[in-house]
Amino acid sequence: MRVLDRWLALRNRVLSNPGFQRWAASFPLTRPIAQRRARALFDIVAGFVYSQVLFACVRLDLFTILSEGPRRLDELSDRLALSPEAARRLLRAAASLRLVQTLDGERYALGTLGAAMVGNPGIAAMVEHHRMVYEDLGDPVALLRGEARSRSLKDYWAYVGADAPASADSDRVGGYTNLMSESQQLIADDVLDAYSLKSHRCLLDVAGGDGTFLVSAAKRWPHLRVILFDLPAVAERAQARFEREGLADRATAVGGDVLRDPLPEEADIVSLVRVLHDHDDAQAQSFIAAASRALRPGGTLMVAEPMAETPGAEPIGDAYFGFYLLAMGSGRARTPRELDAMLRAADLDRVRQLTTRRPFLTQLVLARRSSGAEV
Ligand SMILES: CC(C)=CCC/C(C)=C/CC/C(C)=C/C=C/C(C)=C/C=C/C=C(C)/C=C/C=C(C)/C=C/C=C(C)/C=C/CC(C)(C)O
Ligand SMILES: C[S@@+](CC[C@H](N)C(=O)[O-])C[C@H]1O[C@@H](n2cnc3c(N)ncnc32)[C@H](O)[C@@H]1O
């Protein structure tokens, strides 16, 4: 450990020296590394500006317009209600970020990342939502010290806070339930492709929102019965959704508070999708305990959510969700290892992690309800 400390002190003294930085940026063997590091730092410095370019594109519906085909600057300037100069500035900014692609004759097409936006409306919903996130992160030091004045996310997520979830009435759950439904479309297939429900009979989705995940599961597996449990005002929306989707014969929504009310006990698999990470440890452990109690021995618990220390996506768990959940006032992204320990503490065993297609969006941990004799 002391050797590592000494090495880090030496390395950081060298790296922070302006003379070394100048040398490394000129010497042919170190130049590519120096440029990559400088760019990485610049992108962190400028991240908010890039986000706002994307926000302007989303607000002006640019990607939908370009999904009709390439357009000339004058056409875009009209449709975006921007002067030609302003439209050109936005389009060039978007092109530099691969959201848009420039073509001859001052024409513009969707870029590779803009095309991905068109296929995933949930991302645009998150971009719009970030207006609220950035309000709360305006003074990150005050946020860390618990002195932030802005509380947009605390008000938005009606199930967090001293008077929650009793205050989560129909008016207050609509906003977050729609956002979760839109963004759930990004992950439901990844989860259902990673774990087959073929051999299960009945799936209970705890804190399942308006049922978007269960609708995907029920449509994929016609033999499956599905039950959703969420706060009463949210469960009402889910029941209406099941009826609209023609699934009412095998999909039911039950209203209640996971921390106070018993969960339905018919299921052989219980899922917690994007639920544990927005609760502090004690509450998250109670959610797991409730889910575990709802299963018979041998039943399966499935936890799907973004996790900390995901290889290649470390900033998403620790920086993005770390600060997002701090502003929200509850929860943290956990590592699969931390979840493993929490699951074992609730009469669950055979904990295993399954690979999903896009682990940065969600990872998957499964466990089995152990038989009483083993506990
Ligand atoms: C064909 C040719 C020419 C080339 C081939 C090259 C090739 C293979 C290109 C690939 C192109 C392609 C298919 C791209 C696909 C891109 C995709 C699918 C991108 C997806 C991006 C997803 C994003 C950015 C998701 C963002 C999600 C966010 C920000 C979620 C936030 C969630 C929150 C805040 C949740 C809150 C819930 C709470 C409260 C924490 O519980
Ligand atoms: C982040 S959302 C996730 C919704 C859904 N699972 C998804 O991934 O789209 C968390 C959900 O937990 C529900 N919830 C929070 N606290 C709850 C409680 N004590 N009892 C029941 N549901 C609760 C909320 O109403 C909300 O629908």
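Quick note: the coordinates plus some simple rules give every number you see, no bench work behind them. Not measured: the values here are computed from a predicted model. Note: ideal-geometry Cβ built from the backbone for every residue, glycine included; neighbour counts use all protein chains shown.
Might you report the magnitude of the Cβ-based charge dipole of region 47-186 about its Cα centre, with Lys and Arg at +1 and Asp and Glu at -1, to the nearest 20 debye?
Details: 15 positive and 18 negative charges, 78 e Å.
In debye, rounded to 20, region 47-186 gives about 380.
If you put +1 on each Lys and Arg Cβ and -1 on each Asp and Glu Cβ, how big is the dipole of the chain around its Cα centre, in Debye rounded to 20? The partial results should precede the final answer.
Numbers: 47 positive and 47 negative charges, 346 e Å.
Rounded to the nearest 20 debye, it is 1660 debye.
Could you give the DSSP H helices of the chain that reach 27 angstrom or more along their long axis (alpha carbon positions) and whose average Kyte-Doolittle hydropathy is no lower than 1.6?
On the way: long enough: 31-59 (39 Å, 0.56).
Sorted by number, there is nothing, because no helix extends far enough and scores high enough.
Does region 132-281 come out rounded, prolate or oblate by the C-alpha gyration tensor, with a ≥ b ≥ c the root eigenvalues, rounded set by a/c under 1.5 and, if not, prolate when a/b is larger than b/c and oblate if not?
Working: a/c = 2.15, a/b = 1.86, b/c = 1.16.
Prolate is the answer for region 132-281, as a/c is 1.5 or above and a/b outweighs b/c.
Once you mark the GluC sites (Glu not before Pro) that are in a DSSP loop and have at most 16 other Cβ atoms within 10 Å, what is the longest gap between them in the chain? Numbers along the way, then the final one.
Numbers: sites that count: GLU68, GLU106, GLU147, GLU245, GLU265, GLU266, GLU309.
Longest gap between qualifying sites, sites excluded: 148-244.
Counting each DSSP H run of 4 or more residues in the chain as -39500 (n - 2.57), what helix-only mean residue ellipticity at 222 nm follows after dividing by all residues, to the nearest 500 deg cm²/dmol? Could the numbers behind the result be given before it?
On the way: 17 runs with 186 residues, N = 375.
-15000 deg cm²/dmol, from helical runs alone.
Once you list every other residue whose beta carbon is under 11 Å from the beta carbon of MET342, what net charge do they have if Lys and Arg are +1 and Asp and Glu are -1?
Working: positive: ARG334, ARG337, ARG344; negative: ASP281, GLU338, ASP340.
Every neighbour counted, the sum reads 0.
When a/c reaches 1.5 or more, the comparison of a/b and b/c decides; with that in mind, is the chain rounded, prolate or oblate per its Cα gyration tensor?
On the way: a/c = 1.96, a/b = 1.36, b/c = 1.44.
Judged from the Cα gyration tensor, the chain comes out oblate (a/c at least 1.5, b/c at or above a/b).
Calculate one ³J(HN,Hα) per residue across region 262-274 by plugging θ = phi - 60° into the Karplus curve 6.51 cos²θ - 1.76 cosθ + 1.60, and present them in order as whole Hz with x for glycine and proline.
3J(HN,Hα) across region 262-274, in whole Hz: x, 8, x, 10, 7, 7, 9, 9, 10, 10, 10, 9, 6.
Taking θ as phi - 60°, what are the ³J(HN,Hα) couplings along region 141-157 by the Karplus curve (6.51, -1.76, 1.60), each to the nearest whole Hz, with x for Gly and Pro?
6, 4, 4, 5, 8, x, 10, 5, 8, 6, 9, 4, 6, 4, 6, 5, 8
Do any trypsin sites (Lys or Arg not before Pro) in region 258-305 lie in a DSSP loop with no more than 10 other beta carbon atoms within 10 Å, and if so, which?
On the way: sites: ARG260, ARG274, ARG293; in loops: ARG260, ARG274.
When the trypsin sites (Lys or Arg not before Pro) of region 258-305 are filtered for loop state and at most 10 Cβ neighbours within 10 Å, ARG260 remain.
How do THR102, THR212, THR355, THR64 line up, fewest other C-beta atoms within 10 Å first? Spell out each step's value before the answer.
Details: THR102 17, THR212 23, THR355 8, THR64 14.
So the residues, fewest neighbours to most, are THR355, THR64, THR102, THR212.
From the Cα gyration tensor of region 285-375, with a ≥ b ≥ c the square roots of its eigenvalues, which class applies: rounded if a/c is under 1.5, or else prolate if a/b is larger than b/c, or else oblate?
On the way: a/c = 2.77, a/b = 1.78, b/c = 1.56.
Here region 285-375 falls in the prolate category.
Let's test the formula: R0 of 41 Å, r as the Cβ-Cβ distance of GLN353 and TYR50. What FRET efficiency results, to the nearest 0.05? Before the final figure, lay out each step's value.
On the way: r = 32 Å, r/R0 = 0.79.
Working from the Cβ atoms, E equals 0.80.
Taking the simple approach of a point 7 Å from Cα along Cα-to-Cβ for both GLU236 and LEU103, what is their distance in nm?
About 4.9 nm, to one decimal.
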